[in-house]
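Structure first, commentary second.
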Amino acid sequence: MLNKLSLCAIASVLLWSCSEPKEEVGVHTFVKDDHTQSNADSIDITHLNLDVKVNFDDRYIQGCATWDIDNKYNVSHLKLDGYKLTVDSILVDGNKVDFAWGATVEHLGEQLQIPIEENSKLVAIYYKSDPSAQAMQWMTPQQTLSKKHPFLYTQSEAIYARSWIPVPDGPGIRFTYNARVEVPKDLIALMSATNPQQKNDSGIYHFEMDVPIPAYLMALGVGDLEFKAIDDRTGVYADPMFLEKAHNEFAEVGDMVKIAEEMYGPYRWGRYDILVLPSGFPLGGMENPKLTFATPTIISGDRSLVNLIAHELAHNWSGNLVTNATWNDFWLNEGFTVYFERRLTEQMTDKSYADMLWELGYQDLEHTVQEMQEEDNMKDSHLKIELKGREPDEGLTDIAYEKGALFLKLIENTVGREKMDAFLTQYFNEHAFKTITTEEFIAYLRENLIEGDKELEEKINIDAWVYGPGIPDNAPRADMERFERVNAEREKFLNGTAPKDLTTADWTTHEWLHFLRKLPKPLAYDKMKALDDAYDFSISNNSEIADLWYIMAVAADYKPAYRVMENFLVNVGRRKFLTPLYSEMMETGKEEMAKLIYERARPNYHPLAQRTLDELILK
Ligand SMILES: [Zn+2]
């Protein structure tokens, strides 16, 4: 549950005993979360027992969500979030009650209002999700790799859990859960919980999450999946056709967990498994506890994109363990995670490798800040942002990720790595399974690391980072040693050296990205062709390189890449790739091409990606 208890509120509660039920109490927290309509701040909502059946034919889940509550402050109603849910009936301690729905609020959905008594304990909600539920992607067999069975998965972050469960849906509200999920017999169900490793004959699976998590970490995946262990606490679930490839790509994940533990303290979630989703997944990964959901686009065959797994693993400290109190504090989840991911990657490889990731991240950040400048939207370039009245998704930018991480990198550079790591370990331990606001973090930072040192305070300049625009002057830059070599080869190429005469043999994905990103745009047709002939970029299996190459192809009207590009767009649903590529078409007079491809590809995308792209292409 929430981590703060107001003293005056406790005092008032004492005065209230034996009084009439109240509409609101708000004892649990000072923090107002504008993205939930639940009253979890006035009532203890401690545990969820979910019992649902998955119906692939009509695309809904149906069943019962039972909440354990403790109405110790005697409020008149339990209020939960819902989004287009159909509720048939609600029983409170076995007795049917008259519930009501509030009006639909833009971005937030509807408030489910359930009358309760002071001693009410169990609230059982019989409900059904809507086929258009924002969290769920229902895939036909054709949209999976093996093309034999349908597939379903959920994406609950930020506020979409409410579209498949009636739930108090705010990152500051934690609960434990157990579940029983019934699926067609030839499929297996997996959740962000203890998971089965094999299909059974009944199609009924049981789950348990015994430490409290917020609703955005509720997750369900259902499909024809097989499991293969990496070591005794890590493993991979994937389409049978993809399992070996995925297992090979993630072979180092067991070691990665151990190294992460050495850096920042114990992994507290039991198993760490990875579920490889069909390519329609809109994100790189989602840090669902015990079971990271991952895009297959990170499987490049050479483990060069596995830093995405480092990111999702790191979330088991920053995000899942210590959670942003509201979506306005999102940088606390993502900035810390990017920082942790880069440190972990450095530990697994070396400093020069991590430096490349820092530099590419810096380039992304510069690009984002420039766009915000052009849109006159510099308020969103503060680490602490204001998302009231907006989709929390709007905070999912490089500011939270890259500016957040860079701020921590600056602190590390200023106080030294040893002190920084001790501070972070202590921070994770002291806030484990709790929620934190930006302001609480700053107070904690001052108390435990800055400790009144005026010079240090000035060097870091917290306000400029957290409440100021753009990239502050004291931002650190990574060592460019490896990228300088890349710059030299690019110069040679632009001055006429043939691609085969460039020194590129030991380049990783990141060197190639830097090489390609800094070429002139559009690049002359003959130069595009020379690169393609030498390196086969148009048919690259590396999704990061392919995506960037297609953007360059659109800019240069390099037609030989178009057919494979269309194939890529129809098959891959990762928003990070789709948005810039379709944007490039829209900005270079190729709106018709964008529309035609999108028409074909749209059914393969998750509702969240569809929403972003509808806005971009169909507006
Ligand atoms: Zn993340």
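Any chance you could give the angle, 0 to 90 degrees and rounded to 10, that helix 525-535 forms with the longest Cα principal axis of the chain?
Approximately 80 degrees, to the nearest 10.
Please list, in chain and number order, the residues 5+ apart from Ala219 or on another chain whose amide H is under 5 Å from its amide H, with Hs placed from the backbone.
So Ala219 has HN proximity to Ser192.
What do you get when you divide the Cα radius of gyration of the chain by 2.2 N^0.38 Å, with N the number of residues?
0.98
Along the positive direction of the dipole of the range 432-499 (beta-carbon charges: Lys, Arg +1; Asp, Glu -1; about the Cα centre), which of Leu449, Pro472, Gly496 reaches farthest?
Positive-most Cα among the choices belongs to Gly496.
Using the Karplus curve 6.51 cos²θ - 1.76 cosθ + 1.60 with θ = phi - 60°, what ³J(HN,Hα) values do you get for each residue of the range 609-616, in whole Hz, with x for Gly and Pro?
Here the 3J(HN,Hα) series is 5, 4, 4, 4, 7, 4, 4, 6 Hz.
Given +1 on the Cβ of Lys and Arg, -1 on the Cβ of Asp and Glu, and no further charges, what dipole in debye does the chain carry about its Cα centre, rounded to the nearest 20?
It comes to approximately 1140 debye.
Dipole magnitude of the range 493-618 about its Cα centre, charges +1 at Lys/Arg Cβ and -1 at Asp/Glu Cβ only, in debye to the nearest 20?
Dipole of the range 493-618, to the nearest 20 debye: 220 debye.
Once Lys and Arg get +1 and Asp and Glu get -1 on their Cβ, which of Gly63, Phe515, Gln142 lies farthest toward the positive end of the dipole of the chain?
Result: Gln142.
Which is farthest toward the positive dipole end of the chain among Phe175, Ala189, Ser543, measuring Cα position about the Cα centre, with Cβ charges +1 (Lys, Arg) and -1 (Asp, Glu)?
Ranked along the dipole, the leading option is Ala189.
At a Cα cut-off below 16 Å, give the aspartates and glutamates reachable from Lys492, other chains included and same-chain residues fewer than 8 away excluded.
List returned: Glu484, Asp501, Glu511, Asp526.
Return the sequence-ordered ³J(HN,Hα) values of the range 488-500 in whole Hz as given by the Karplus equation 6.51 cos²θ - 1.76 cosθ + 1.60 applied to θ = phi - 60°, using x for Gly and Pro.
Once rounded to whole Hz, the list reads 5, 5, 4, 4, 4, 4, 5, 8, x, 5, 6, x, 5.
Once the Cβ-Cβ distance between Asp350 and Ala488 is put in as r, and R0 is 22 Å, what FRET efficiency do you end up with, to the nearest 0.05?
E between Asp350 and Ala488, to the nearest 0.05, is 0.60.
Per residue of the chain, what 222 nm ellipticity follows from adding -39500 (n - 2.57) for every DSSP H run with n ≥ 4, rounded to the nearest 500?
Helices in the chain give a 222 nm mean residue ellipticity of -10500 deg cm²/dmol.
Let me spell out the model: positive unit charges on the Cβ of Lys and Arg, negative unit charges on the Cβ of Asp and Glu, origin at the Cα centre of the range 7-224. What dipole size does that give, in debye rounded to 20?
600
Taken together, the values in this text are just the output of simple stated rules run on the coordinates, not laboratory data. None of these values were measured; they are calculated from a predicted model. No Cβ is skipped: glycine too gets one built from the backbone with ideal geometry, and neighbour counts run over all protein chains shown.
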